[in-house]
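Here the structure comes first, spelled out in structure tokens, and everything after it is commentary.
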Amino acid sequence: MVGNLKKKLPKKMDIYLTSLIERTLDKSDREIVRISSESISWKALREAEKIDDENYITQLVQYIETEKEKEKRDSAYFILGHIANNTKNKIATDFLIERIEKEKDKSILSSLLDRIKYLEKTEETDIQPIINATKSKVWSIRQSAISALSNAKNSLAENTLLEIINNSIDEYDLYYANCSLLSTGTKNSISSLVKLLDHKKQDVSGTALSAILNLSDSSNLSLFVSQLEKGKNKFTALLGVIKFGDTTVIPNVVKRVKELVSKKRTRQVIGSYGKTELIFAMEFLSNFASESDEPKKTYDFLTTKKADFIWDNETEWLLENKSKFVK
């Protein structure tokens with residue numbers, strides 16, 4: 001499809017695209033602007049991220065294939081990558097993947113792979129160039145390629161990632177493979193991911209558990225309960241327990257709440273929707289306040305004996321949701 005597209009290309013690129021590429025590379029105000037978000041290049045990059053005009057694709061394809069300056073090609077990849085992501089355009093996605101084996105500059109190739117990471121790769125997408133890049137001896141290319149297998153609906157992608165986590169000893173390869181499996185894997189990946197839960201590096205064990213959480217169903221509840229009891233990624237484990245659990249896990253959740261406030265916490269960890277681990281736990285318990293005494297007891301425990309051990313946003317949540325704990 002890309003080959004047919006090239007024959008229809010205009011000889012000159014749109015003035016807007018030329019200007020945008022120039023602005024993304026503009027460093028003229030580097031010594032003047034103190035805040036990066038006020039610079040010409042930063043604003044141009046944010047502008048490029050929003051483009052969804054598919055009419056620019058053909059022009060960018062030609063530009064990339066003929067442009068000799070690697071910085072300009074890199075900028076064009078950035079723009080085309082965002083258009084492909086914003087429009088789900090298969091032609092643009094296929095072209096960017098084709099360019100993996102043609103781009104010789106190491107830093108530009110790594111950056112290109114970083115663009116591909118966010119693109120949807122269907123079963124029909126030829127991902128072999130990405131797979132080949134995962135075998136690169138250059139760590140930046142290899143790890144960007146592993147990340148580029150994210151969002152791939154193809155068993156070849158999952159099998160490649162499983163091969164990496166089953167055989168690699170590089171903690172960063174494992175980390176990026178886990179992150180990619182979160183969106184690319186299936187239930188078939190869980191058994192391999194479980195083996196990484198005791199990895200000495202928490203970034204590896206944590207991303208493995210996050211991937212398992214995304215790929216699991218209620219049949220894996222016992223795994224999350226076990227990790228909540230003795231694992232080192234308790235926040236993620238709690239999310240699994242409350243996602244798949246019912247009244248039977250109330251004691252596990254209450255125990256975790258009491259652990260959280262057993263002493264003053266030195267740092268606040270925020271999950272999705274701006275919620276702390278304690279808020280997630282109490283939100284779950286509130287669903288069973290009419291069936292069990294434990295939610296109300298835990299609420300009273302927090303708001304009286306442990307009032308000085310909870311964060312302001314947790315206190316606010318408890319006050320706003322007091323009625324949920326009253327039978």
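Miscellaneous remarks
- Percent RCO, i.e. relative contact order, over region 1-119, from Cα pairs under 8 Å lying at least 6 residues apart: 26
- Neighbour-count ranking [beta-carbon atoms within 10 angstrom, fewest first] of F301, F325: F301, F325
- By the count of other C-beta atoms within 10 Å, a proxy for reagent exposure, Y176, Y273, Y16, Y118 are ordered fewest to most as Y273, Y16, Y118, Y176.
- Axis angle, to the nearest 10 degrees, between helix 70-87 and the longest C-alpha principal axis of the chain: 60 degrees.
- M13, M282 arranged by Cβ crowding within 10 Å, fewest neighbours leading: M13, M282
- Folded to 0 to 90 degrees: helix 234-244 orientation relative to the chain principal axis, Cα: 80
- Between K263 and K243, the FRET efficiency from the beta-carbon distance, with R0 = 30 Å, is close to 0.65.
- Anchor K195: lysines whose Cα lies under 20 Å away (excluding residues fewer than 8 positions away in-chain): K187, K230, K232, K234
- Take the Cα of I35, step 7 Å toward its Cβ, do the same at V194, and the gap between the two points is 5.1 nm.
- Reducing region 19-35 and region 83-147 to their Cα centroids gives an inter-centroid distance of 27 Å.
- Over 26 Å apart at the Cα level, from the set K27/K137; K137/K200; K264/K322; K243/K322, are K27/K137.
- Every Cα-Cα pair in region 1-119 was counted, and those over 19 Å apart are 45% of them.
- When the alpha carbon coordinates of the chain are projected onto the principal axes, the ranges are 74, 47, 32 Å, largest first.
- Computed from the C-beta positions of D308 and T66, the FRET efficiency with R₀ = 56 Å rounds to 0.25.
- Cα-based radius of gyration for region 248-327, normalised by 2.2 N^0.38 Å, reads 1.00.
- In sequence order, calculated HN-Hα J values of region 197-214 (Karplus, 6.51, -1.76, 1.60; Hz; x Gly/Pro): 5, 9, 4, 5, 8, 5, 4, 6, 5, x, 6, 5, 5, 5, 5, 4, 4, 6
- Degrees separating the helix 57-66 axis from the principal Cα axis of the chain, which is the longest one: 60
- Mean ellipticity per residue at 222 nm, deg cm²/dmol - from DSSP H runs of n ≥ 4 across the chain, formula -39500 (n - 2.57): -17500 deg cm²/dmol
- Stretching D53 away from E120 to a fully extended chain increases their span by 22.3 nm, per 0.36 nm per residue minus the current alpha-carbon distance.
Each value in this text was obtained by applying a stated rule to the coordinates, not by laboratory testing. Computed from a predicted structure; not experimentally measured. Using ideal geometry, Cβ is built from the backbone for each residue, glycine included, and neighbour counts are taken over all protein chains shown.
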